[in-house]
Amino acid sequence: MFKEELKRGIITENPILVLVLGLCPSLATSTSVQNGLGMGLAVTFVLACSNVIISLIRKVIPDKVRIPCFIVVIATFVTIVQLIMKAYLPDLDKQLGIYVPLIVVNCIILGRAEAFASKNNIFKSFLDGVVMGLGFTTSLCLLSIIREILGSNKLLGLNFFPGYSPMTVFILAPGGFFTIATVMAVIRYIGNRKKGVKA
Amino acid sequence: MNNFASLISISIGAVFINNFILSKFLGLCPFFGVSKKLSSATGMGLAVIFVMAIASSFTWIINKFVLIQFDVTYLQTIVFILVIAALVQLVEMALQKYSPSLYEALGIYLPLITTNCAVLGVALINTGVNTFSGKPYSFFESLLNGVMSGVGFMLALLLMAGLREKLELSDIPKTLEGLPISFITAGLMALAFLGFAGLNFFPPIGG
């Protein structure tokens with residue numbers, strides 16, 4: 001069961017590349033693998049925890065005020081992540097900057113709370129949070145691997161191709177847009193080929 | 001640095017150099033969602049300027065007189081998002097009552113703005129350490145930064161909407177249709193906006 005769920009989170013319902021949710025942090029923090037991985041894991045933690053709590057209180061909160069309730073729960077976990085990061089990973093915290101508190105307004109988290117956790121039991125919601133978070137993390141890693149290799153000729157801080165000068169534009173803003181456009185086009189091309197549509 | 005120069009520097013910085021969409025990646029969802037028609041892009045842009053101006057002034061006041069006063073700045077994220085959500089709701093109700101014509105124009109875009117990261121982003125930037133003076137912005141500077149970031153957002157949104165209206169009519173390969181071609185367009189615009197980095201008349205202190 002976990003395997004099927006994992007496939008759903010990473011491939012068929014990939015939050016960034018298929019559902020196109022949470023674009024802002026995914027483009028802004030994919031400048032290096034370290035940042036991408038840090039951001040992905042932070043989002044996964046918040047997503048799993050908030051899904052559990054929301055699923056626990058789903059029968060208590062009145063329907064009309066559910067969105068503000070969800071936001072408070074999410075904001076609480078984001079604050080926890082912020083404090084932990086400041087204490088143990090100060091360098092990563094400086095790199096990610098305002099994008100850590102901005103996890104609050106990440107559409108993936110509110111979207112999963114609304115569409116899944118508010119309707120399902122705790123265990124299922126937790127699993128959904130974990131696989132969706134992993135889907136987010138893998139696509140963020142994919143984007144950041146491409147951008148780090150092309151943009152700074154490094155991978156995880158180690159030199160990649162010796163004697164090749166990096167295309168700095170890929171770690172700047174335009175490169176983010178170009179990378180995600182290419183990745184999405186490739187995915188769509190493969191999808192179309194499977195369906196038998198001519199590209 | 002004299003005061004007037006810093007105000008100009010903040011304005012140009014917010015509109016061109018640190019454009020919210022094209023260099024900071026804030027507010028991408030509405031940027032791709034509402035940029036299909038020029039008319040809806042105008043409505044969304046005006047609504048964002050309006051909410052950002054109000055949100056930056058209110059969050060500044062709350063940060064200064066409540067959070068810092070009682071030494072609970074770690075609650076910033078929770079407090080700011082609640083304040084913004086409440087403000088948007090209030091603005092919506094007030095508009096509906098006092099200015100139905102404006103409500104008609106902006107109405108449907110207002111609820112979307114609560115989850116727009118640009119609004120929370122501008123509040124966090126205002127209260128954080130900024131590059132111009134090394135201190136948090138003053139009240140007036142925050143308000144200006146809010147309005148000007150909104151103007152920058154609207155500028156990018158309008159440019160994108162104009163381009164996308166033309167793109168609708170052109171012949172695009174199947175794999176690139178829809179989002180991928182929009183991303184490439186946005187990337188090209190961001191590339192052009194990189195050129196504005198040279199506009200920094202008043203270099204930041206210590207940098």
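The values are calculated or read from the model by the stated rules, or taken from the named source; none is laboratory data. None of the values given here were measured: they were computed from a predicted structure. No Cβ is skipped: glycine too gets one built from the backbone with ideal geometry, and neighbour counts run over all protein chains shown. Each accessible area value is taken on the protein alone, full model and side chains, heavy atoms only, with ligands, DNA and RNA left out. Shrake-Rupley method; radii C 1.70, N 1.55, O 1.52, S 1.80 Å.
Of note:
- Just so you know, in the range A:18-27 the residues that are open to solvent by 20 Å² or more (accessible area, probe 1.4 Å) and under 11 Å from the mean Cα position of the chain (by Cα) include one that is farthest from residue A:129 (Cα to Cα), and it is A:20.
- Picking from residues in the range B:160-191 that are in a helix (DSSP H, G or I) and among the hydroxyl-bearing types (Ser, Thr, Tyr), the one that is least open to solvent (accessible area, probe 1.4 Å) is B:182.
- Restricting the range A:171-195 to residues that are open to solvent by less than 70 Å² (accessible area, probe 1.4 Å), closer than 30 Å to residue B:156 by Cα and touching a Ser or Thr at 6+ places or on another chain (Cβ under 7 Å), the residue that is farthest from the other protein chains (Cβ to nearest Cβ): A:171
- Any chance residue A:166 is open to solvent by 60 Å² or more (accessible area, probe 1.4 Å) and farther than 21 Å from residue A:20 by Cα: no
- Yes/no for residue B:22 being over 10 Å from the mean Cα position of the chain (by Cα) and open to solvent by less than 10 Å² (accessible area, probe 1.4 Å): yes
- Applying the set (1) open to solvent by less than 40 Å² (accessible area, probe 1.4 Å); (2) hydroxyl-bearing (Ser, Thr, Tyr); (3) over 20 Å from the mean Cα position of the chain (by Cα) to residue A:88 leaves exactly one unmet item: (1).
- Which listed residue is out of contact with any Ser or Thr (no Cβ under 8 Å at 6 or more places or on another chain), at pLDDT 80 or above, over 25 Å from residue B:165 (Cα atoms) and of a type in the set (Gly, Ala, Ser), from B:11, B:101: B:11
- Tally of residues being at pLDDT below 85, more than 16 Å from the chain's Cα centre (by Cα) and in a helix (DSSP H, G or I) across the range A:99-128: 4
- Of the set (1) open to solvent by 20 Å² or more (accessible area, probe 1.4 Å); (2) in contact with a helix residue (DSSP H, G or I) (Cβ under 7 Å, 6 or more places away or on another chain), all apply to residue A:36 but (1).
- The sole residue among A:71, A:67 that is within 18 Å of the chain's Cα centre (by Cα), over 22 Å from residue A:141 (Cβ atoms), within 14 Å of another protein chain (Cβ to nearest Cβ) and in contact (Cβ under 8 Å) with a residue 24 or more places away in the chain is A:71.
- Some residue of the range A:107-117 being buried (at least 22 other Cβ atoms within 10 Å of the Cβ) and more than 20 Å from residue A:24 (Cα to Cα): yes
- Checked against the criterion of being within 14 Å of chain A (Cβ to nearest Cβ) and at pLDDT below 75, the candidates B:185, B:175, B:115 yield just one match: B:115.
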